[in-house]
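Novice: The structure's right below; bear with me while I get my questions together.
The values are calculated or read from the model by the stated rules, or taken from the named source; none is laboratory data. Every value quoted in this text rests on a predicted model; they were computed, and no experiment measured them. When we count neighbours, we look across all protein chains shown, and the Cβ atoms used for this are built from the backbone with ideal geometry, even at glycine.
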Amino acid sequence: MQCEPQLETTVWDPFQIFNYHTHHKYAVVILNSPLYWKDDILLQIWKRVFVNNNLIRSVCYSAQVNVTVDGGTCKWLCYLEEQGINLLNENHTEYVPNLITGDMDSCPPLILEKLRSMGAMIIKTPDQDHTDYTKSLFELEKYVKKKNVKLSRIYVFADTSGRFDHIMGNINTLYKSDKIIEESIYVIQLANGSLTWILRPGLHSIIIPKILVQNNSWCGLLPIGAPVNCIVTTGLKWNLNKETQLQFGSLVSSSNTYDNCSEVTINTDSPVIWSMGIEPLQKNINN
């Protein structure tokens, strides 16, 4: 089996979200799952403030669009309260979501109406053929087109929270995402301690922070839904070669790690899920 040669490489640097001195155009989506994030990390991702070296002026870098999904709205309010912020007293309108979507069975109407009065757009999505996560991407796509907002990334806060059906539903949304939003916009799921996204057929380069290499952090390639007939990797401790087929019931690349490299390359003939641990990196953010 020979993988087709690829002329273009998709470069992934998912850790831009934690680098507060860079600016890229992204959206934040908060699902109805716990937010186990250290201190004010999520605040800085939602709304960044960078002060230049001479302290003469400050520049605010923030997410282009912020979305909370149904009960994720309540999770966001609770997270803010843990940071000493009462969003509903109207003194911190910078933390009001642009969009609140979902079937609204997990968020009290009084909270929704209060946030609407503070500028949030409430969009009820009752269709039960899609998850609230999937429907939020449909609404986000409509919003950015209407507002002419350009995005390169969508960061989705989706902790596993012990529900395997939710985990698989979220993975299914990743597989469908290129049919919902522009293919040039990458969707990356963040849980406490990990990042997960889908690699489409082609050649990919993933930038790996040094601290993850030094700590032998885990990573995996998971062929969910269908076999991957040809996949070639570099930079992993256990690389995959041209003869490798990934398939449930046969071989999957779980509990892998890095081979002292700051870059992993993956050439795949089929969609495959990439997931990686980030615990050592999280511990060092803001230290």
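Novice: One residue is enough: does segment 247-258 have a residue meeting the conditions surrounded by 14 or more Cβ atoms within 10 Å (Cβ to Cβ), without any contact (Cβ under 8 Å) to a residue 60 or more places away in the chain and among the hydrophobic types (A, V, I, L, M, F, W, C)? Before you say what the answer is, go through the steps one by one.
Specialist: Let us first name the residues in segment 247-258 that are surrounded by 14 or more Cβ atoms within 10 Å (Cβ to Cβ), namely 251-253, 256-258.
The next check asks that each one be without any contact (Cβ under 8 Å) to a residue 60 or more places away in the chain; those that pass are 251-253, 256-258.
Keeping just the survivors that are among the hydrophobic types (A, V, I, L, M, F, W, C) gives 251-252.
Checked against the condition, which is being surrounded by 14 or more Cβ atoms within 10 Å (Cβ to Cβ), without any contact (Cβ under 8 Å) to a residue 60 or more places away in the chain and among the hydrophobic types (A, V, I, L, M, F, W, C), segment 247-258 yields at least one hit.
Novice: Sticking with this one: Tell me which of these Phe164 doesn't satisfy, since it passes every other one: (1) of a type in the set (Phe, Trp, Tyr); (2) farther than 28 Å from Thr9 by Cα; (3) surrounded by 18 or more Cβ atoms within 10 Å (Cβ to Cβ).
Specialist: Among (1) of a type in the set (Phe, Trp, Tyr); (2) farther than 28 Å from Thr9 by Cα; (3) surrounded by 18 or more Cβ atoms within 10 Å (Cβ to Cβ), Phe164 violates only (3).
Novice: Give me the residue from segment 205-225 that is among the small types (Gly, Ala, Ser) and part of a loop (DSSP other than H, G, I, E, B) and, out of that set, nearest to the chain's Cα centre (by Cα). Full working, then the answer.
Specialist: At the first step, the residues of segment 205-225 found to be among the small types (Gly, Ala, Ser) are 205, 217, 220, 225.
From what's left, part of a loop (DSSP other than H, G, I, E, B): 217, 225.
Details: Ser217: 19, Gly225: 20 Å.
The selected residue is Ser217.
Novice: Could you tell me which numbered condition Gly162 fails, if it satisfies all but one of (1) at pLDDT below 95; (2) at negative phi; (3) not β-branched (Val, Ile, Thr)?
Specialist: (2)
Novice: Any residue at all in segment 76-94 that's among the β-branched types (Val, Ile, Thr) and surrounded by fewer than 18 Cβ atoms within 10 Å (Cβ to Cβ)?
Specialist: Looking through segment 76-94, at least one residue is among the β-branched types (Val, Ile, Thr) and surrounded by fewer than 18 Cβ atoms within 10 Å (Cβ to Cβ).
Novice: Have a look at Ile167, Ile171, Ile185 and point out the one that is under 20 Å from Ser33 (Cα atoms), within 12 Å of the chain's Cα centre (by Cα) and not assigned by the TED database to the domain that holds Asn256.
Specialist: Ile171
Novice: So, one more: Exactly one of these conditions fails for Ile224: (1) more than 28 Å from Lys150 (Cα to Cα); (2) crowded, with 18+ Cβ neighbours inside 10 Å; (3) of a type outside the set (S, T, N, Q); (4) in contact with a helix residue (DSSP H, G or I) (Cβ under 7 Å, 6 or more places away or on another chain). Give me its number.
Specialist: (2)
Novice: How many residues are without any contact (Cβ under 8 Å) to a residue 40 or more places away in the chain, of a type outside the set (Asp, Glu) and surrounded by fewer than 16 Cβ atoms within 10 Å (Cβ to Cβ) if we restrict to segment 169-186?
Specialist: Residues that pass the stated criteria total 2.
Novice: Here's a follow-up. Within segment 40-63, identify whether any single residue is out of contact with any strand residue (DSSP E or B) (no Cβ under 8 Å at 6 or more places or on another chain) and at pLDDT 95 or above, and answer yes or no.
Specialist: No; the residues of segment 40-63 include none that is out of contact with any strand residue (DSSP E or B) (no Cβ under 8 Å at 6 or more places or on another chain) and at pLDDT 95 or above.
Novice: Do you know which residues across segment 79-98 are of a type outside the set (A, V, I, L, M), outside any loop (DSSP other than H, G, I, E, B) and under 16 Å from Val29 (Cα atoms)?
Specialist: Looking only at segment 79-98, we keep the residues that are of a type outside the set (A, V, I, L, M), and these are 79, 81-84, 86, 89-95, 97-98.
Within this subset, residues satisfying the condition of being outside any loop (DSSP other than H, G, I, E, B) are 79, 81-82, 89, 93-95.
Selection gives Tyr79, Glu94, Tyr95.
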